1. Are any of the residues in the stretch 33-40 modelled with pLDDT of 85 or more, surrounded by 12 or more Cβ atoms within 10 Å (Cβ to Cβ), of a type outside the set (Ser, Thr, Tyr) and out of contact with any Cys (no Cβ under 9 Å at 6 or more places or on another chain)?
2. Examine the stretch 37-51 for a residue that is touching a helix residue (DSSP H, G or I) at 6+ places or on another chain (Cβ under 9 Å) and of a type outside the set (A, V, I, L, M), and state whether such a residue exists.
Amino acid sequence: MASDEIYISLHYQADLSDISSLVTDTGIELGKLFYWNRPSLVMQEPPPVRADLPKLWLLMPMVVLFFSGGVAGAILFQKMGVPAAFLLAIPVALLSLFPVLEDYRSRRFKR
């Protein structure tokens, strides 16, 4: 498994390397969702275009939360200045300690 992939329950795989791939995948799935499958003039019908709804439900909240976090950060920075950055960075740093400590413990006891 590559470091930029995440496995969701039921072995659902999503590539989460950066925000541009999230926005691109969301746009593709929204395009598929609103695509109009009209009858074809050829003898053999192509398969209908269908959106992957579980993937769309996974991607949409991440894109919306990323955007709203950026807006909230910009508003707080405009109102409070540099302390707003620390106000937002401290909880993120504390949350990141759990996986770092878990990795440290698992490597320490493997030796």
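The values are calculated or read from the model by the stated rules, or taken from the named source; none is laboratory data. All of these numbers come straight from a predicted model, not from anything done at the bench. Methodologically, a virtual Cβ is constructed for each residue, glycine included, from the backbone with ideal geometry; neighbour enumeration extends over all protein chains shown.
1. yes
2. Kept after step one, since they are touching a helix residue (DSSP H, G or I) at 6+ places or on another chain (Cβ under 9 Å), are these residues of the stretch 37-51: 49-51.
Next, only the ones that are of a type outside the set (A, V, I, L, M) stay: 50.
Yes: the stretch 37-51 contains one or more residues that are touching a helix residue (DSSP H, G or I) at 6+ places or on another chain (Cβ under 9 Å) and of a type outside the set (A, V, I, L, M).
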